[in-house]
Structure formats: structure tokens, C-alpha cells
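Each remark here refers to the structure printed beneath this line.
The values are calculated or read from the model by the stated rules, or taken from the named source; none is laboratory data. The structure displayed is predicted, hence computed values, not measured ones.
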Amino acid sequence: MMPNVAVLPTPLARAAAAAANPRNRDTCGIYDIAGRLGQAARRPAYLCRTIDALIEARGFPEPFPLLKGAKLSTAAHADSRWSRAAVDAWFDNALPPSARGLVDKVERQAVSSRLSANLHDLFPAERVA
């Protein structure tokens, strides 16, 4: 046992803590966005540069302002938070209409599957002796 060792929070640990905070349920962070971009394994600096490029070139929503030094910043940072509704709308509009229908179908199937699993957990089949 090493009593003098401090465990420093990693960006992923901070992101997990932010996601678990009930005040943040209507927001998302860089890892939520990275997952939707298929880039979840990337480092925070890469993710922030990618998101900043999307903001500049593709109209991606800006994050809520963060105080960095003495100035408010709307650039992407590891601790930045976005409106989940604005991010969802951007991703929905970025998909062609045929893909939107496919995403809706997959989401309905996923919800149905979760409901079925929950139903099975609540009412397990009776065992026949």
C-alpha cells in the first residue's frame, strides 16, 4: 500500500463524472461526440481539434463557454459541454434521408430489445418442475 500516491483524474474519468452528474443530462461532452464520429479512442487534443474544425467548416454547434484564464472561450476543450439537443439535431441533419430512416429503425430495435430484456428481468419465466 502506498499512502503517498495521488491518483490524478484523467480526461476520461472527468468525462465519466460529468456524464454521471444529473445536471448534465441535457448536455454532452467530447467523448459523446467522438463516439458518434467513430473516434472515441482518440486523445482529447485530437478530438478538440476535430470538433473545432467541424464548428468552423460544417456549422457544428459551439460548446457552452468556459472560462480559460481571464476570457470566456467557445473553443472545444476536454471539459467542454454542448447542448445535447443541438448536437443531435446537427447529426440528424448531417445524414441523408435514407440513412435517417435506417438510424430510426435501428434505434427502435434497440429500444425494443432493452424493453424485452427489462420485461424478462421483471417477470422471469416460471420453471416447470
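Tell me the helices (runs of 4 or more DSSP H) entirely within the stretch 1-70 that contain at least 2 residues that are modelled with pLDDT of 90 or more.
Hits in the stretch 1-70: 30-37, 44-58.
Which members of the stretch 73-108 meet the condition of being at pLDDT below 70 and assigned to a helix (DSSP H, G or I)?
Listed by number, the residues that qualify are 97, 98, 99, 100, 101, 102, 103, 104, 105, 106, 107, 108.
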